[in-house]
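Worksheet: one structure, shown below.
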Amino acid sequence: MYDENYINTKTKKGWIEVITGSMFSGKTEELIRRLKRAKLANQKVKIFKHALDNRTSMDELVSHDDNSIPSMSVSSAKEILGHTTDVEVVGIDEGQFFPGDLIEICNFMANSGIRIIVAGLDMDYQGKPFGSIPSLMAVADFVTKLHAVCVRCGNPAQYSHRKIDIDDLVLLGATNEYEPLCRGCYFKASNRKN
């Protein structure tokens, strides 16, 4: 796992960090932790989440265990640029919902000297690469892949198994709609449905 203490922030060089994993792996919690540390260091921080994520608050980023931090809802990555003047750290949650321009926008901001931290799912409920996150991982300076705990066997879980029969790619939810599963349990559950 990358240690942010080794990065020389005095050089004013930007970079991209990606926090990824399945649902319930702690992505938003880790994003909030890093952003709060940046604020404690008196860095100018701006936080964004996709407007699709309306499960809790439109002006707060909230983790599954109710940790929160003020944020701004936006519908596109380009909207973020209009709010990053004189900012040192930008946090973005639910990165998988932003289209391909997220990569271009993150590269632009990082090249401008801003630290970018993006959290998002790397796979959809079908176990396929999800949105911009896999490509963003390829250009990121640091990638942290978190795992949940498989609710069926206790092994590390990297899959977000959808428990209800809805085929829409985007379905916001929590424990009623999804459960974290390990590879073996995910494929057993998927074969039962098909």
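Which members of the range 90-116 meet the condition of being part of a loop (DSSP other than H, G, I, E, B) and either free of Cβ contacts under 8 Å to residues at least 24 places away in the same chain or within 26 Å of Asp165 (Cα to Cα) (or both)?
Residues of the range 90-116 part of a loop (DSSP other than H, G, I, E, B): 94, 98-100, 112-114.
Across the range 90-116, the qualifying residues are Glu94, Phe98, Pro99.
Scanning the range 52-73 for residues that are farther than 18 Å from Lys27 by Cβ and either among the hydrophobic types (A, V, I, L, M, F, W, C) or at pLDDT 85 or above (or both) yields Met58, Met72. Only one entry in Ile80, Ile114, Ile133 is aliphatic (A, V, I, L, M), over 23 Å from Gly26 (Cβ atoms) and in contact with a Ser or Thr (Cβ under 9 Å, 6 or more places away or on another chain), namely Ile114.
Across the range 128-144, the qualifying residues are those that are within 14 Å of Gln96 (Cβ to Cβ) and not hydrophobic (A, V, I, L, M, F, W, C), and the one among them that is surrounded by the fewest Cβ atoms within 10 Å (Cβ to Cβ) is Lys128.
Suppose we filter Arg152, Arg183, Arg115 for residues that are in contact with a helix residue (DSSP H, G or I) (Cβ under 6 Å, 6 or more places away or on another chain), of a type in the set (Lys, Arg) and at pLDDT 90 or above; which single one remains?
It is Arg152.
Identify the residue in the range 8-45 that is modelled with pLDDT of 95 or more and of a type in the set (Asp, Glu) and, among all such residues, is surrounded by the fewest Cβ atoms within 10 Å (Cβ to Cβ). Within the range 8-45, the match that is surrounded by the fewest Cβ atoms within 10 Å (Cβ to Cβ) is Glu30.
Applying a threshold of 6 Å to beta carbon distances and a minimum spacing of six or more residues, or different chains, the list of pairs starting in the range 117-143 at a residue that is under 24 Å from Lys44 (Cβ atoms) and ending at one that is assigned to a strand (DSSP E or B) and small (Gly, Ala, Ser) reads Ile117/Gly91.
The values are calculated or read from the model by the stated rules, or taken from the named source; none is laboratory data. Because the structure is predicted, anything quoted here is derived from the model rather than measured. So basically every Cβ, Gly included, is an ideal-geometry build from the backbone, and we count neighbours across all protein chains shown.
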